[in-house]
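Input: a single structure, listed below in structure tokens.
The values are calculated or read from the model by the stated rules, or taken from the named source; none is laboratory data. Given the structure is predicted, the values throughout are model-derived calculations rather than measurements. Cβ placement follows ideal geometry from the backbone for every residue including glycine, while neighbour counts extend to all protein chains displayed. The area values use the complete protein model at the heavy-atom level, side chains included, leaving out ligands, DNA and RNA. Shrake-Rupley method; radii C 1.70, N 1.55, O 1.52, S 1.80 Å.
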Amino acid sequence: MMLLGIAVLWSVWLFYEERWRHGELISYYGIQPLLMIGGGTLAFISGCLMMTRSLRGIRLLKLALSIIPLILALRLIILIVRAIGYAVNWIGDHAAEFMDGSILTRIGDINPLGFAPLAIVILIAIIVKIGKKKSSQ
């Protein structure tokens, strides 16, 4: 566990050192490295406590591992916010094309065979789901 904690702290420094140096760790860019530093520190301390055979080490390790879903949820929220921002910017940049109808003519030029791989994946997922229902009955 001590090595895991050290590896997390080292990876935070390796990945975020350049942003830190340029002052980019503001707002949500700084939350993930801080959570990772906290988790790495907790993992290191839990490793030290486990060496002394203390039960607090296991509890601390569980706390350190519970930070992982928090980081993933944070990244998902950031992804959603950025996607909404990009969509709003794209609509703002292309509003004139909506008004003159040029986007609608481009939509008519889309080849339906381009969606064939997506349709195949959806079809396979439906077949697997139906097969699981029949096997469970």
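For the stretch 81-95, check the following and say yes or no: at least one residue is at pLDDT 85 or above, open to solvent by less than 40 Å² (accessible area, probe 1.4 Å) and either on the phi < 0 side of the Ramachandran plot or in contact with a strand residue (DSSP E or B) (Cβ under 7 Å, 6 or more places away or on another chain) (or both). Let's see the steps before the verdict.
First, pick out the residues of the stretch 81-95 that are at pLDDT 85 or above: 81-89.
Okay, now just the ones that are also open to solvent by less than 40 Å² (accessible area, probe 1.4 Å), so 85.
Cutting the leftovers down to either on the phi < 0 side of the Ramachandran plot or in contact with a strand residue (DSSP E or B) (Cβ under 7 Å, 6 or more places away or on another chain) (or both) gives us 85.
Scanning the stretch 81-95 turns up at least one residue that is at pLDDT 85 or above, open to solvent by less than 40 Å² (accessible area, probe 1.4 Å) and either on the phi < 0 side of the Ramachandran plot or in contact with a strand residue (DSSP E or B) (Cβ under 7 Å, 6 or more places away or on another chain) (or both).
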Matching residues in the stretch 52-80 - criterion: being touching a helix residue (DSSP H, G or I) at 6+ places or on another chain (Cβ under 6 Å) and surrounded by fewer than 12 Cβ atoms within 10 Å (Cβ to Cβ): none
